[in-house]
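Only one structure is covered here, and it is reproduced in the block below.
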Amino acid sequence: SAYVDIGRQLGSTFPPPPIQAVLYNAQQFSEATQMHDYVGALYDGKIRSPLTDDHGQWLAEPELRRRLTHEYVHVVVRNIAGSSVPWWVNEGLAQNLSQPLTEGATQQLQALYREGKAFSLADISGQEVQQKSKEKVTQAYLQAHAAVNMLWSRYGKGKMLLLLQTFSRDVPQENALRQVYRKKLVTIDNDLANIYK
């Protein structure tokens, strides 16, 4: 399902098979990936996901579908753009195409911007985001989701695909955003803040 749906959303991009997915119980997933306990699934060349929670209960089908779709978006992004995509674009796109922004998420974003606690997108552009605390990583995912949702809603999926293709040529983030959206990174930050303040 994700192969077809995400492929169509991202410019009829269908990575060549095989696309490997390895499924674990929660303990096996933790041992195999050595990731923080709040990481729900992973793409490291293979999609890796637990089928159970920490208490041994099977994940509900919608949650498993969300996790696998999220990771499959990373497969497509890598196929289009390689590994040069800023963290917030990569994760924001995976979030945006695997789940909607909820009312609760909107309220959290409003609180972050109102209290001046929001990251700038420059702060969440590199992989070092993953080294932050669980609370900060969750916040970074939320802001990435909101940023990509805004760009996708305002300018369409064609521009997002063009942005990924621009990154595939190793164009730096600031230049790529100016070429595709005619905006600086800080302008996108301000646009996002204006939505949620």
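The values are calculated or read from the model by the stated rules, or taken from the named source; none is laboratory data. Being a predicted model, the structure only gives us computed values, none of them experimental. Using ideal geometry, Cβ is built from the backbone for each residue, glycine included, and neighbour counts are taken over all protein chains shown. Accessible surface areas use protein heavy atoms only, side chains included; no ligands, DNA or RNA. Shrake-Rupley method; radii C 1.70, N 1.55, O 1.52, S 1.80 Å.
Just by accessible area at a 1.4 angstrom probe, what is the order of 163, 142 from largest to smallest?
Details: 163 0, 142 25 Å².
Largest to smallest exposure gives the sequence 142, 163.
Using a Cα distance threshold of under 20 Å, what count of lysine pairs results for the stretch 78-185 when pairs must be 8 or more residues apart or interchain?
7
In this structure the amide hydrogen of residue 126, modeled in the peptide plane, comes within under 5 Å of the amide hydrogens of 87, none closer than 5 places in sequence on its chain.
Of all aspartates and glutamates in the structure, the ones whose alpha carbon falls short of 20 Å from that of residue 46, not counting any fewer than 8 places away in one chain, are 5, 31, 37, 63, 71, 91.
Rolling a 1.4 Å probe over the protein heavy atoms gives the stretch 1-159 an accessible area of 53 Å² per residue. Between the stretch 1-45 and the stretch 99-169, the alpha-carbon centres lie 20 Å apart. Rounded to the nearest 20, the Cβ-based charge dipole of the chain about its Cα centre (Lys and Arg +1, Asp and Glu -1) stands at 820 debye.
Ordered from highest to lowest accessible area with the whole protein assembly present and a 1.4 Å probe, 157, 183, 132 read as 157, 132, 183.
What you get for the stretch 66-149, charging only the Cβ of Lys and Arg (+1) and of Asp and Glu (-1), is a dipole of about 120 debye around the Cα centre.
Suppose a student asked you for the relative contact order of the stretch 16-165, using Cα pairs under 8 Å spaced at least 6 residues apart; what percent would you report?
Numbers: 153 pairs, mean separation 31.8, N = 150.
That works out to 21 percent.
Ordered by 1.4 Å accessible area with all protein chains kept, 87, 152 run largest first as 152, 87. Given that just one value was derived from the coordinates, which of (1) 1.02; (2) 0.96; (3) 1.13 is Rg/Rh (Cα atoms, Kirkwood Rh)? For Rg/Rh (Cα atoms, Kirkwood Rh), the calculated option is (2).
Over the chain, with a Gaussian network built from C-alpha contacts below 10 Å, which listed residue (74, 55, 36) shows the highest mean-square fluctuation? Answer for the Gaussian network model of the chain: 55.
The loop-placed trypsin sites (Lys or Arg not before Pro) in the stretch 1-100, going by DSSP, that have at most 16 neighbouring Cβ atoms within 10 Å of their Cβ come out as 46.
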